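The next block holds one structure in the form of structure tokens; read it before the comments.
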Amino acid sequence: MSKEASSIIETEDGSQTLISSEFNERYHSIHGARTESEVVFINAGLLEKLDSDSTIHVLEMGFGTGLNALLTLKESINTNQSIFYVGYEKFPVELNQAKHFRYGNELDLADSFQDLHELPWDQQHQLTPLFTFEKRREDIHMITESNRFDVIYFDAFAPAAQEELWTIDLFQKMHSALKADGILVTYCAKGQVKRNLKEVGFSIEPLPGPPGKREMTRARK
């Protein structure tokens with residue numbers, strides 16, 4: 001078991017999430033793991049950037065259970081959209097725990113979900129002709145890309161648990177990593193987080209949140 005892994009629990013929409021023993025935090029909302037991911041990261045993030053004439057570059061801060069990556073792959077298949085996905089994860093979920101998640105079966109992508117977890121880290125993989133996947137086993141603070149990504153899924157644990165991941169310094173790196181008019185989406189709508197995003201140059205778009213949350217945040221470069 002990895003440093004963060006703990007017990008798998010079921011959420012209100014029938015999908016599963018994981019509780020981190022390191023931070024005593026859930027990886028997803030108890031009101032619905034899949035629903036939260038779809039509302040925050042797919043609907044408010046990825047779907048804003050669909051463009052069949054070019055490849056969408058997606059960065060995820062917190063690969064975690066692989067749910068967001070799998071939903072992104074699903075959208076690539078459904079829309080014939082070329083996507084290059086990069087996910088950062090410092091403390092990966094171990095394979096013997098990941099195999100207990102039902103996401104792959106629920107989305108008819110069981111083999112792909114297995115690949116997301118089993119394929120080697122720090123390498124590029126072509127999961128489908130339109131979906132290129134890379135996961136990096138390192139701290140997101142190490143990112144150096146500039147003007148590369150169209151969308152960032154900012155999916156760290158809440159500021160109370162991981163304050164160091166919601167700072168002006170890291171948001172500056174996220175701002176630099178985005179292309180012009182690129183967007184960062186997060187479930188978090190705390191005032192200090194929005195102020196930090198504004199400090200580095202983002203414009204803030206408060207949006208209705210997923211079940212259990214009144215508001216979420218979309219930040220645009």
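A few comments on the model shown:
- Within the stretch 116-155, tally of residues that are in a helix (DSSP H, G or I) and without any contact (Cβ under 8 Å) to a residue 60 or more places away in the chain: 5
- Residue satisfying all of: in the stretch 10-24; hydrophobic (A, V, I, L, M, F, W, C) and modelled with pLDDT under 80; nearest to T79 (Cα to Cα) among these: I19
- Note on the stretch 25-63: among residues that are in contact with a Gly (Cβ under 6 Å, 6 or more places away or on another chain) and under 14 Å from Y153 (Cα atoms), the one that is modelled with the highest pLDDT is E60.
- Subset of the stretch 193-221 that is in a strand (DSSP E or B) and among the hydrophobic types (A, V, I, L, M, F, W, C) - its residue that is farthest from E38 (Cα to Cα): I204
- When restricted to residues that are in contact with a Phe, Trp or Tyr (Cβ under 8 Å, 6 or more places away or on another chain) and under 19 Å from A158 (Cα atoms), the stretch 191-216 contains 8.
- Considering S146, S82, S54, S76, the condition of being more than 25 Å from A189 (Cα to Cα), among the small types (G, A, S) and in contact with a Phe, Trp or Tyr (Cβ under 6 Å, 6 or more places away or on another chain) is satisfied by S76 alone.
- Scanning the stretch 174-192 for residues that are of a type in the set (A, V, I, L, M) and surrounded by fewer than 16 Cβ atoms within 10 Å (Cβ to Cβ) gives a single hit, A180.
- Number of the condition not met by D139 [criteria: (1) surrounded by 16 or more Cβ atoms within 10 Å (Cβ to Cβ); (2) touching a strand residue (DSSP E or B) at 6+ places or on another chain (Cβ under 8 Å); (3) at pLDDT below 95]: (1)
The values are calculated or read from the model by the stated rules, or taken from the named source; none is laboratory data. For clarity, every value in this text was computed on a predicted model and none was experimentally measured. Here Cβ is always computed from backbone atoms with ideal geometry, including for glycine, and neighbour counts include all displayed protein chains.
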